[in-house]
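What follows is a single structure, written as structure tokens, with notes after it.
The values are calculated or read from the model by the stated rules, or taken from the named source; none is laboratory data. This one's a predicted model, so the numbers in the text were calculated from it and none came from an experiment. Reconstructed Cβ throughout: ideal geometry from the backbone, glycine too, with neighbour counts over all protein chains shown.
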Amino acid sequence: MKQKALRVLTYNIHKGFNTTNRRFVLHQIREALVAADADLLFLQETQGEHSQKKKNVSDWPEISQSEFIAEGVWPFYAYGKNAIYDAGHHGNAILSKYPFESWENINVSLVSWASRSLLHGVIRLPGNDRDVHILCVHLGLIGIERRQQLASLCERIDSHVPHDAPLIVAGDFNDWLGRAEREFYDHLDLKEVFRATHGAHARTFPAWLPVLPMDRIYYRGFTPLSCQRLSHSPWRMLSDHAPLAASFSL
């Protein structure tokens, strides 16, 4: 039986608010993500809990944002806290149509007021007995912070992902200067799917007029089939980032 393509989407959901932070649009975000029909969602800035917003926002869900988005569509999900504060916490999430063999959240914070982590999961695809490694990342805004986090990411991949294992690393890299590319390609043999299929990185921020190439999907052990930036309606009216959607074959 021929294996179907693996559909992947990465998206910084801005804690469920639109680009100006004035409207809570998590319900519309969920509708758009369900319509996009990806097998794997790599989400950043997902709100795990926020006691004040729960009181003040009328349609705030009773469950975490990752659970709310996953419900009924993606039966398997993992959430890793990035930032923890008095009112709650937010972080990265991976939502999957395929079960996790394992997952772990790795703290890569350089400073306490800008907590960051890497969410590393392992799944199996139907009809294939190989482990597929998937990492969701959201790197820091400061250059020295990003460099250390990239080094930690490379070390994690080197030590925990066999070189012949299929691998996807996706998320918000905050890397508008493109410095991750050399590290990933030279030392890890990772390629970025939009660049591989279009010749340049996708500009994904801000969503209403994308200028900066912030969001990426890196891969190895897969054949890229397609990749697109989702900047049309309704996406430009939702988060401050545009999502990237890609498909691969093993």
Quiz item: Restricting the stretch 163-177 to residues that are aliphatic (A, V, I, L, M) and either under 12 Å from the mean Cα position of the chain (by Cα) or under 14 Å from Arg216 (Cβ atoms) (or both), which is modelled with the lowest pLDDT?
Solution: Leu177
Practice problem: Check the stretch 118-129 and report whether any residue there is under 16 Å from the mean Cα position of the chain (by Cα), surrounded by fewer than 20 Cβ atoms within 10 Å (Cβ to Cβ) and in a strand (DSSP E or B). | Solution: yes
Quiz item: Do we have any residue at all in the stretch 152-161 that's surrounded by fewer than 20 Cβ atoms within 10 Å (Cβ to Cβ) and part of a loop (DSSP other than H, G, I, E, B)?
Solution: no
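Given Pro210, Pro243, which one is modelled with pLDDT under 95 and surrounded by 18 or more Cβ atoms within 10 Å (Cβ to Cβ)?
Working: Pro243 fails: modelled with pLDDT under 95.
None of the other options fit; the residue is Pro210.
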Quiz item: Given the conditions (1) under 19 Å from the mean Cα position of the chain (by Cα); (2) free of Cβ contacts under 8 Å to residues at least 24 places away in the same chain; (3) in a loop (DSSP other than H, G, I, E, B), and given that Tyr98 satisfies all but one, which numbered condition is not satisfied?
Solution: (2)
Self-check item: Flag for Ser226 being hydroxyl-bearing (Ser, Thr, Tyr), buried (at least 18 other Cβ atoms within 10 Å of the Cβ) and either at pLDDT 95 or above or touching a helix residue (DSSP H, G or I) at 6+ places or on another chain (Cβ under 7 Å) (or both)
Solution: no
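Quick one: in the stretch 199-250, of everything that is among the small types (Gly, Ala, Ser) and part of a strand (DSSP E or B), which residue is nearest to Asp164 (Cα to Cα)?
Just the residues of the stretch 199-250 that are among the small types (Gly, Ala, Ser), to begin with: 199-200, 202, 207, 221, 226, 231, 233, 239, 242, 245-247, 249.
Subsequent filtering for residues that are part of a strand (DSSP E or B) retains 226, 245-247, 249.
Details: Ser226: 22, Ala245: 24, Ala246: 21, Ser247: 20, Ser249: 15 Å.
So the residue we want is Ser249.
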Quiz item: Among (1) closer than 26 Å to Gly199 by Cα; (2) at pLDDT 90 or above, where does Arg156 come up short?
Solution: (1)
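For the structure I just gave you, tell me whether His187 is at pLDDT below 95, assigned to a helix (DSSP H, G or I) and not β-branched (Val, Ile, Thr). Reasoning before the result, please.
On the way: at pLDDT below 95: yes; assigned to a helix (DSSP H, G or I): yes; not β-branched (Val, Ile, Thr): yes.
Yes.
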Quiz item: Just checking, how many residues over the stretch 72-89 are closer than 24 Å to Ala35 by Cβ, surrounded by 15 or more Cβ atoms within 10 Å (Cβ to Cβ) and over 13 Å from the mean Cα position of the chain (by Cα)?
Solution: 2
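For the stretch 68-78, name all the residues that are in contact (Cβ under 8 Å) with a residue 12 or more places away in the chain and of a type outside the set (Ser, Thr, Tyr).
Step one: of the stretch 68-78, the residues in contact (Cβ under 8 Å) with a residue 12 or more places away in the chain are 68-70, 73-78.
Answer for the stretch 68-78, where residues must be in contact (Cβ under 8 Å) with a residue 12 or more places away in the chain and of a type outside the set (Ser, Thr, Tyr): Phe68, Ile69, Ala70, Val73, Trp74, Pro75, Phe76, Ala78.
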Quiz item: Applying the selection to the stretch 130-145, what residues are surrounded by fewer than 22 Cβ atoms within 10 Å (Cβ to Cβ) and under 14 Å from Asp172 (Cβ atoms)?
Solution: Gly140, Leu141, Glu145
Self-check item: Considering residues of the stretch 92-112 that are in contact with a strand residue (DSSP E or B) (Cβ under 8 Å, 6 or more places away or on another chain) and at pLDDT below 95 only, the residue nearest to Asn128 (Cα to Cα)
Solution: Ile106
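Which is touching a residue at least 60 places away in the same chain (Cβ under 8 Å) and touching a Cys at 6+ places or on another chain (Cβ under 8 Å), of Ala170, Ala207? Break it down into steps so the answer makes sense when it comes.
Details: Ala207 fails: touching a Cys at 6+ places or on another chain (Cβ under 8 Å).
From the options Ala170, Ala207, the qualifying one is Ala170.
If a residue must be acidic (Asp, Glu) and either assigned to a loop (DSSP other than H, G, I, E, B) or free of Cβ contacts under 8 Å to residues at least 24 places away in the same chain (or both), how many such residues does the stretch 32-57 contain? Don't jump to the end; show me each part of the working.
Within the stretch 32-57, the first condition is being acidic (Asp, Glu), and the residues that meet it are 37, 39, 45, 49.
Applying the additional criterion that residues be either assigned to a loop (DSSP other than H, G, I, E, B) or free of Cβ contacts under 8 Å to residues at least 24 places away in the same chain (or both) yields 37, 39.
The qualifying residues number 2.
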Quiz item: Tell me, which residue of the stretch 6-31 that is under 18 Å from the mean Cα position of the chain (by Cα) and in a strand (DSSP E or B) is surrounded by the fewest Cβ atoms within 10 Å (Cβ to Cβ)?
Solution: Arg7
